[in-house]
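*Asks:* Sharing a structure with you now.
The values are calculated or read from the model by the stated rules, or taken from the named source; none is laboratory data. Please read these numbers as outputs of a predicted model, since none were measured by experiment. Cβ: placed from backbone, ideal geometry, glycine included. Neighbour counts: every protein chain shown.
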Amino acid sequence: MKRTPDARHDVPWPETEEPSEAVSNAIRDACTRDLRPQRGLSAGARWVLSLLLPGAVIAIAGGVKALGRHDHALTADALGAAGWGVVQGVALLVGLQAPPGRRIPHLARTSIVVIVPVLFAAHLGLLGSHHLSLHEFLHAHLSGAVDCALQSMLYGAFSAGAILLLWRATDPFTPGLSGALAGMAGGIAGAVAVGLACPDDEVWHRLVGHGLSVVLLPLGGWWAGRRWLTP
């Protein structure tokens, strides 16, 4: 059966009426009132602040307490803190400073997030002066390590959060990976701060109490980065 054409198709569209000049000016004025030109921080400024804020955490949380230490391991911890500060700066420089799309390859940035915590754990293990059995550590020394781990996570989370806020809404392509880099940098800051404050140089204590933040905070940073770093 042949369908009858709909007569409504032949009805002409009504012509749109442009608002008057007065109305257009009023709309424009309402939309642009109180606008001020603003310029965000440059990538270089963000990178510098990403080092200064965790550095302040290390100085306040770890450096002040380190003044009361007189053990032989303090010099090694201080040198280690300086060295890992350099590593932190380089990781943030190559991982975040360049604009999205022009950063080093994804695999290289992922390798930084994986390899640096492994190297940090090896550093802590090598600097330990004595090594308890795992059984003795769990039954007699775990509480002290947990206390240091909580402090390290707290200082590290604060540092990582500050870095994430500095780079907020700047990565449309790999926000999770950039967040993991920020979390790793914050974890290093927390671990170094606790390492300066704590004189215990037993291997298990250092790995659990001082190094756990460098492993866990990149995971938290990946989650936070997907929410905070996406424009």
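*Asks:* Test of understanding: among 48, 57, 64, which residue is at pLDDT below 80, among the β-branched types (Val, Ile, Thr) and surrounded by 10 or more Cβ atoms within 10 Å (Cβ to Cβ)?
*Replies:* 64
*Asks:* Return the pairs, sorted by first residue and then second, in which the second residue is among the charged types (D, E, K, R) and at pLDDT below 85, the first residue lies in the range 42-66 and is within 13 Å of residue 188 (Cβ to Cβ), the beta carbons are less than 9 Å apart, and the residues are 6+ apart or on different chains.
*Replies:* Taking only residues 6 or more apart or on different chains, the pairs are 62/77.
*Asks:* Another question, then. Return the residues of the range 194-231 that are assigned to a helix (DSSP H, G or I) and small (Gly, Ala, Ser); say none if nothing qualifies.
*Replies:* The answer is 195, 197, 209, 213, 220, 221, 224, 225.
*Asks:* From the set of residues in the range 159-173 that are at negative phi and outside any helix (DSSP H, G or I), which is surrounded by the most Cβ atoms within 10 Å (Cβ to Cβ)?
*Replies:* Checked the range 159-173; the qualifying residue surrounded by the most Cβ atoms within 10 Å (Cβ to Cβ) is 167.
*Asks:* Checking the conditions here, which among 146, 194, 214 is of a type in the set (Val, Ile, Thr), surrounded by fewer than 24 Cβ atoms within 10 Å (Cβ to Cβ) and closer than 22 Å to residue 61 by Cβ?
*Replies:* Every option except 146 fails the conditions.
*Asks:* Scan the range 143-164 residue by residue and report those that are among the aliphatic types (A, V, I, L, M) and either within 18 Å of residue 197 (Cα to Cα) or touching a strand residue (DSSP E or B) at 6+ places or on another chain (Cβ under 9 Å) (or both).
*Replies:* 145, 146, 149, 150, 153, 154, 157
*Asks:* Let me ask something additional. With respect to the numbered conditions (1) surrounded by fewer than 24 Cβ atoms within 10 Å (Cβ to Cβ); (2) of a type outside the set (Val, Ile, Thr); (3) modelled with pLDDT under 95, which one is the sole condition not fulfilled by residue 176?
*Replies:* The number of the failed condition is (3).
*Asks:* Somewhere in the range 120-130, is a residue outside any helix (DSSP H, G or I) and either among the charged types (D, E, K, R) or out of contact with any helix residue (DSSP H, G or I) (no Cβ under 6 Å at 6 or more places or on another chain) (or both)?
*Replies:* Checking the range 120-130: at least one residue is outside any helix (DSSP H, G or I) and either among the charged types (D, E, K, R) or out of contact with any helix residue (DSSP H, G or I) (no Cβ under 6 Å at 6 or more places or on another chain) (or both).
*Asks:* Does the range 80-102 contain at least one residue that is touching a residue at least 12 places away in the same chain (Cβ under 8 Å), within 17 Å of residue 210 (Cα to Cα) and more than 17 Å from the chain's Cα centre (by Cα)?
*Replies:* Looking for residues that are touching a residue at least 12 places away in the same chain (Cβ under 8 Å), within 17 Å of residue 210 (Cα to Cα) and more than 17 Å from the chain's Cα centre (by Cα), one finds at least one in the range 80-102, hence yes.
*Asks:* If residue 181 meets every condition in (1) in contact with a Lys or Arg (Cβ under 9 Å, 6 or more places away or on another chain); (2) over 14 Å from residue 88 (Cα atoms); (3) part of a helix (DSSP H, G or I) apart from one, which number is that one?
*Replies:* Only one criterion is unmet by residue 181, namely (2).
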